[in-house]
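The values are calculated or read from the model by the stated rules, or taken from the named source; none is laboratory data. Given the structure is predicted, the values throughout are model-derived calculations rather than measurements. Because the Cβ atoms are built from the backbone with ideal geometry, glycine has one as well, and the counts that use them run over all protein chains shown. For accessibility, only protein heavy atoms count, side chains too; no ligands or nucleic acids. Shrake-Rupley method; radii C 1.70, N 1.55, O 1.52, S 1.80 Å.
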Amino acid sequence: MRGSMESYPRAAVERAMKVQEVILRAMAKKITWWQAAEIIGISDRQMRRWRERYERQGYDGLIDRRRGRPGGKRVPLATVELVLKLYRELYFDCNVSHFHEKLGQEHGIGLSYTWVKRALQGAGLVAREAQRGVHRKRRERRPLPGMLLHIDGSEHQWFQDERWYDLIVILDDATSEIYYAQLVEEESTASIMAGLRWVIERKGVFCSLYSDRASHFWLTPKAGGKVDRERLTQVGRALGQLGIQMIPAYSPQARGRSERGFRTWQGRLPQELRLAGIGTVHEANAFLRDRFVDEFNGRFQVPASAEGTAFLPCPRHDLDLVFSLQFERTVNRDNTVQFEKLNLQIDHVGWRGSLAGCRVTVHQHLDGGLSIAYGQHRLGRYTALGGRLPEELRLEQEQAAEKTRCGKVIQPTCPQRLEIPPTTWDSHFPATTTTTA
């Protein structure tokens with residue numbers, strides 16, 4: 001007699017698969033054992049025999065014993081029950097790949113991924129995958145890190161409760177390395193700028209950024225149409241000042257690399273937050289920075305196809321101004337600037353009699369503070385409520401305390417006057433005459 005599965009008729013194999021699936025559901029406590037017997041169409045006593053045979057011989061023990069001898073490769077029933085129990089009680093919200101890793105790392109169970117997947121699907125603990133769609137060709141990765149970065153946000157119940165948050169992720173196209181991951185209340189211009197500035201300060205200036213057509217990235221005159229490359233958003237203006245090219249995506253399939261990544265994030269991060277006992281955004285972001293991103297990169301990062309990097313040192317030292325929301329305003333006759341129901345007072349400057357009527361730029365910084373600039377001149381910094389910052393007042397007092405040797409206050413001019421302060425007359429000749437004998 002032949003002992004391989006291929007020697008059995010198709011009907012016998014299908015019946016064995018059905019019996020195994022019903023037994024797995026009973027072991028996972030999805031149904032009772034008498035319900036399993038009723039589904040298969042056997043008596044309770046025969047169901048007990050099936051269970052004992054499955055315990056002794058594994059899957060092969062379910063084949064009709066009149067047609068062949070069961071093979072020697074089988075998983076003990078105790079191990080099957082342990083796997084199902086672990087998933088049902090501890091890892092119930094993990095995907096199959098994540099659960100398979102936990103089995104090996106945390107519990108020392110070295111079963112194959114295919115066996116674990118089929119066992120969970122047969123027990124009804126994991127839904128079967130839907131049939132794949134049409135064939136698509138994956139776009140080749142960039143050869144060097146820093147040539148193309150992806151940025152996207154995913155709204156999800158990351159804490160597995162009624163709260164919804166956006167996860168902003170910035171990853172490299174060449175290696176899939178995660179450079180930045182942060183949970184925020186809502187994806188916005190400020191949160192996007194904060195992530196981009198964080199990456200540039202630590203990695204350098206990159207070549208191009210791939211994003212969707214959200215309003216904080218692009219202005220789209222017609223819904224679903226092409227973007228307007230002439231009218232820049234705040235993000236577009238900031239990246240343009242740094243020489244970074246922006247590339248819009250016109251379909252979810254075009255952002256396949258980031259979309260697939262978010263499926264992995266949603267299948268792992270909520271479970272890791274639950275296992276770590278984290279329930280606040282502040283704790284979750286600290287967990288992302290200190291642990292999860294490094295573990296994620298260690299698992300999914302791939303080597304670049306070429307050696308080197310496309311990152312360049314940032315040529316600008318005023319990223320605080322670059323990554324700020326900028327608004328043009330006209331100075332009032334009383335040298336005040338109105339901004340969002342605030343009156344920002346501009347003090348007297350020495351290089352101009354009055355700034356009334358001048359066009360200035362109000363910078364709304366990522367920390368909520370404000371500042372006013374006129375060309376390259378900084379006219380002052382303010383709090384979010386419009387008050388002058390204490391350090392600004394201190395600098396003004398220090399400047400006012402500087403005096404010349406004559407006791408007059410130095411008045412800055414534009415350009416500064418070229419004058420020589422009065423000093424004692426210097427001479428190479430003696431100051432008094434001498435008499436000779």
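Quick notes on this structure:
- Ser305, sole failed condition from (1) loosely packed, with under 14 Cβ neighbours inside 10 Å; (2) touching a strand residue (DSSP E or B) at 6+ places or on another chain (Cβ under 7 Å): (2)
- Residues in region 232-251 that are over 25 Å from Asp320 (Cβ atoms) and either exposed (fewer than 11 other Cβ atoms within 10 Å of the Cβ) or of a type in the set (S, T, N, Q) (or both): Ser251 only.
- In region 348-377, residue nearest to Ala238 (Cα to Cα) [restricted to those that are surrounded by fewer than 13 Cβ atoms within 10 Å (Cβ to Cβ) and in contact with a strand residue (DSSP E or B) (Cβ under 7 Å, 6 or more places away or on another chain)]: Arg359
- Cβ-Cβ under 7 Å pairs, at least 6 apart or on other chains, region 16-43 side over 20 Å from Arg118 (Cα atoms), far side open to solvent by 60 Å² or more (accessible area, probe 1.4 Å) and not in a helix (DSSP H, G or I): Ala37/Ser43
- Within region 192-211, restricting attention to residues that are buried (at least 19 other Cβ atoms within 10 Å of the Cβ) and not aliphatic (A, V, I, L, M), the residue that is nearest to Gly146 (Cα to Cα) is Phe206.
- Residues being modelled with pLDDT of 70 or more and assigned to a helix (DSSP H, G or I) - total across region 25-76: 24
- Of all residues in region 353-366, those that are more than 30 Å from Gly195 (Cβ to Cβ) have Cβ atoms under 7 Å from Cβ atoms of residues that are basic (Lys, Arg) and open to solvent by 10 Å² or more (accessible area, probe 1.4 Å), 6 or more apart or on another chain, in Ala356/Arg333.
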